[in-house]
1. Answer with yes or no whether ARG327 is in contact with a helix residue (DSSP H, G or I) (Cβ under 8 Å, 6 or more places away or on another chain), buried (at least 17 other Cβ atoms within 10 Å of the Cβ) and of a type in the set (D, E, K, R).
2. Can ALA153 be described as at pLDDT 80 or above, out of contact with any Cys (no Cβ under 7 Å at 6 or more places or on another chain), in a helix (DSSP H, G or I) and under 20 Å from THR74 (Cα atoms)?
3. Those residues that are closer than 21 Å to VAL142 by Cβ and aromatic (Phe, Trp, Tyr), I need them from the stretch 178-205; list them, please.
4. Quick check on my filter: what residues within the stretch 269-295 are at pLDDT 90 or above and over 18 Å from GLU255 (Cβ atoms)?
5. Among the residues in the stretch 278-298, are any farther than 24 Å from ALA217 by Cα and surrounded by fewer than 18 Cβ atoms within 10 Å (Cβ to Cβ)?
6. In the stretch 39-89, which strands (runs of 3 or more DSSP E) lie fully inside it and hold 1 or more residues that are at pLDDT below 85 and touching a Cys at 6+ places or on another chain (Cβ under 9 Å)?
7. Could you tell me which of the residues LYS214, LYS230 is surrounded by fewer than 24 Cβ atoms within 10 Å (Cβ to Cβ), in a loop (DSSP other than H, G, I, E, B) and touching a Ser or Thr at 6+ places or on another chain (Cβ under 9 Å)?
8. Suppose the filter is over 26 Å from PRO83 (Cα atoms), in a helix (DSSP H, G or I) and either of a type in the set (Phe, Trp, Tyr) or at pLDDT below 95 (or both); does ALA166 pass it?
Amino acid sequence: MRSRNLANSLLFIAFLALSASTAIPCGAQIAAPNTSMTGHEVAGTVRDASTGQVLDRVRVDLLHDGASQAYTMTAAGGQFTFPGLSGGQYDLQVSADGYAAFDETVDVSHETTVFVYVDLTRAAGTDPSAPAAWISAHQLGVPAKARKEYDKAVDLMNSKFDFRGAISGLDRAIQDFPDYYEAYAMQGVAYLAVSDANSAERVLRKSIELSSGKYPAALYILAGLLNGGKRFSEAEATARQCLALDEASWHGHVELAQALFGLGKLDEALTNALRARDLEPKNPKTFLLLANVHGAERNYAAFMQDVDSYLSLDPTGPMADQVRKKRDQVQQEWGPAQSEAPTPSQPAQ
């Protein structure tokens, strides 16, 4: 009876996580606002200071007290994010070939999300008229007016949580540049923030259409939306499409793992959840997903480690108290069960 109760406790955690599935995907690297309020986050966009164009595949490092905390590469659209941070001051360092190094102190003590525009200046001796190799023809084609409307909309989302205003601003950016698939994807994030999943899906699919399925951010955000609606087969296909473009996308691995878990494909779900954890060890919901998988596999020791990791990253988040209660319940039931389990010197009769 005790084992059955323990299994039910673990499955309740899984239900809890699935019912709160990432409508706005876990720390989406499109610089989505942290509406789940899970810890602190530094997000931003890296741009060429002379042209205003966003820069892809640029390394961004985050340090605390001189020690490296994490690093990432800017995604398509120049965005980056560092989720699951404790309050305090961090050093944000950005480096790219042909550009002067960028170093700025960021304080996240009083804000859930701090958004940083990183404008890189060309290094001495570099031709300022020569576009960087990682700026696509599409990005070079974005008119300055449309780019300005986009930046204003992102700022409304991150500094004021004004998602309706951001949607209107992104509409204006799209009017100025109808092929602006990054703006459609960001609109998807804003619609999700106001719980309009139908509109979010519409604009995300438009982003994917305009980019010929080559914009990873739109794909993993759509996969998160599909997971939130328990449309796991569709989410799996969408997440796999994202990972085919960018195998190192931790967001893609999270959404694929969530979809596979929903489909009962535990081995594959675990592989992708572990990959997501290795790529971004500061994302708390990855550990909740790992707890779900390990719980379903009846790997109770791993389950407890996952839950403790989740709570250490997100001790005051909206799900923390519920998860903490379930952890304590599992501990109470698991401890006696372990003591009754046979050992090698005492084989079961």
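The values are calculated or read from the model by the stated rules, or taken from the named source; none is laboratory data. From a predicted model like this one, the values you see are computed outputs, not experimental measurements. When we count neighbours, we look across all protein chains shown, and the Cβ atoms used for this are built from the backbone with ideal geometry, even at glycine.
1. Values: in contact with a helix residue (DSSP H, G or I) (Cβ under 8 Å, 6 or more places away or on another chain): yes; buried (at least 17 other Cβ atoms within 10 Å of the Cβ): yes; of a type in the set (D, E, K, R): yes.
In short, yes.
2. Working: at pLDDT 80 or above: yes; out of contact with any Cys (no Cβ under 7 Å at 6 or more places or on another chain): yes; in a helix (DSSP H, G or I): yes; under 20 Å from THR74 (Cα atoms): yes.
In short, yes.
3. TYR180, TYR181, TYR184
4. Across the stretch 269-295, the qualifying residue is only HIS294.
5. Looking only at the stretch 278-298, we keep the residues that are farther than 24 Å from ALA217 by Cα, and these are 291-298.
With surrounded by fewer than 18 Cβ atoms within 10 Å (Cβ to Cβ) added as a condition, the list becomes 297-298.
The answer is yes, given that some residue of the stretch 278-298 is farther than 24 Å from ALA217 by Cα and surrounded by fewer than 18 Cβ atoms within 10 Å (Cβ to Cβ).
6. In the stretch 39-89, the matching strands (runs of 3 or more DSSP E) lie at 79-85.
7. On the way: LYS214 fails: touching a Ser or Thr at 6+ places or on another chain (Cβ under 9 Å).
From the options LYS214, LYS230, the qualifying one is LYS230.
8. Numbers: over 26 Å from PRO83 (Cα atoms): no; in a helix (DSSP H, G or I): yes; either of a type in the set (Phe, Trp, Tyr) or at pLDDT below 95 (or both): yes.
Considered against the rule, which asks whether it is over 26 Å from PRO83 (Cα atoms), in a helix (DSSP H, G or I) and either of a type in the set (Phe, Trp, Tyr) or at pLDDT below 95 (or both), ALA166 comes out as no.
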